[in-house]
Each structure stands twice: as C-alpha cells, then as structure tokens.
Amino acid sequence: MIAELRRRAYLSAMQVASWLPRVELPFAAPSRPELLQPQTEPEVQSAPVEVASVAPAVAPEPVPQATPRPTIEVPRPSAASKVFAKPETKTEPEEAPVVEAKPVTPPPRFALQLLRAGDCALLVELATGEPFQSRDPSYLLLKDLLRAAGLPDAPQQVGDGSPIRWPLLTRGNLDQGPDAARDYVQGVLAGQLEAEPCRCLWLIGLPAVRFAGEADEDAYNRELQVEGLGAAWALPSLELLMDEPQRKAELWRAMRRVMPRWRPGA
C-alpha cells in the first residue's frame, strides 16, 4: 500500500490535480465532496514555444605556426683534405671455413690364432677365419717352418683355442677402428704371455704384424721389439709364402739370424 503523502507526491509530479478511483480503495481516506463535482477549467491557449537548438559556437583552433629550424653549417672538405683522405676499404664478410667430412673407414677384419711351440708363441693369420685343420696346406707349411727352426712341429693351442677375431660387434656405436683393434690384440697377447712367457713371438701374416707388432709389410723377416710383448719376429703369411715360393729363401736367411733367441747354441 502506498502511503498518502507518497501518492500525492506522485500525482503532483504527473501534474494530476484531481484523481478519483474507480472502486473504493481499502484503507484509503474518504474523498472530499467538492472533488466529486465536475469542474470546468477555462481553456488556456498557450503559445507554442519554439525551442531552437543552437549549437554552441566553437572557436577555431589556432593554427600553429612553423618555427624556423636552426641552420647547421656542415664543414665541407677542402681540396687539401681530399688529397690526404684515406680511401675507404670495403670489408667483405669472412666466409665460414668449409669443414670437409672425413671419410668413414670400415673396421679392419681379421682372425688370428695363438699357438705355442716350445719356447716360442705363434700368432698366425687365419685366411679363412677358421682354425687350422690337420690337412690344410697352410698348416703343413707351418709344421715345416717349425721343424726348420728346431721347434716342435705340433703347435699347441693357447687358452680355449678360440681365434682372436675383429671386429667384435657387427652393430653398435663402439669404436672398432684400427687403434681399437691394436689395443685389443695387444691386450689379449699380454695376458697370455704374462701367464706363460716365451723367448720369441712369431707374427705370421700382415694383420698379426700390424695389430700386434705395430709395423707394416716392410718389417717382414725382421726382428721387432714391442712394448709389453717383448721380442717378436715378423713373417709373411702362409698363403703368401705358398703363392710366392721365392720368399722362402729370404725367410730361411732371416730365421738363421733370429734362431739364437730360442736356441742359444744354434
């Protein structure tokens, strides 16, 4: 319910002079009798008031005047300065050095058999990669060399008789280059010779000379002194001696020079 004072305030705000409800309002004050009589109000003609919307006058913005720029005098080079001026040198960018990729060399492949004959150890190249058989021509030639050297012609296998093979792995990132092969072969020989020393180590074949004696084919029929292994003798491979029989004469002469190592009275 709207209070009486608030209702009258609403009516005066809406410019309603009199107001009568259609029905009796509950709790409303009784209407005054004079308000129930119709009243005629004189018509008052009010002149229309024209409201002109006048836009506020906007004062023009002052145009900023360009301030004069200060003049800077640039000294011009004289003729004398042009004569002594150093010529400009253009520095070209340095090109990055071209790094040539080193060719990847495949790991060496060989199989060596370690044998024992008297006071000598024999590191022999296996051309087929398999241990010697009793009727192999290369094995028969080895027996002839041992007899000529005054050593037992039935060499014995050292350890379990397994050949020393390289490379160790067919796959993987393990370094299996020539240096690693040399360290491996010399390590195996050092362990075997420490357990059973010998007077002279025969290196038969290029892989034995290269990876155990750290020499090349130029060292054939010569004595070598290998650190950690002692005295060694470099020989051509058994297959090379069979293919080139003329090498046997030079081998015999070299054997007579080296023989005192395992036969002091020879």
Original post:
Based on what the data block shows, is residue 208 within 28 Å of residue 140 (Cα to Cα) and in the same structural domain as residue 155 (by TED's automatic domain parsing)?
Top reply: yes
**OP:** Run down 214, 227 and say which single residue is assigned by TED's automatic domain parsing to the domain that holds residue 146 and under 22 Å from residue 165 (Cβ atoms).
**Re:** 214
Subject >> From the options 189, 201, 193, 206, residue that is surrounded by 13 or more Cβ atoms within 10 Å (Cβ to Cβ) and within 19 Å of residue 107 (Cβ to Cβ) >> reply: 206
**OP:** Restrict the check to the range 229-238 and report whether at least one residue is surrounded by 15 or more Cβ atoms within 10 Å (Cβ to Cβ), more than 22 Å from residue 260 (Cα to Cα) and touching a residue at least 12 places away in the same chain (Cβ under 8 Å).
**Re:** yes
Original post:
Would you pick out the residues in the range 149-186 that are among the polar types (S, T, N, Q) and either surrounded by fewer than 17 Cβ atoms within 10 Å (Cβ to Cβ) or touching a residue at least 60 places away in the same chain (Cβ under 8 Å) (or both)?
Top reply: 156, 157, 162, 170, 173, 176
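The values are calculated or read from the model by the stated rules, or taken from the named source; none is laboratory data. As the structure is a prediction and not an experimental result, all values here were calculated from the model. Methodologically, a virtual Cβ is constructed for each residue, glycine included, from the backbone with ideal geometry; neighbour enumeration extends over all protein chains shown.
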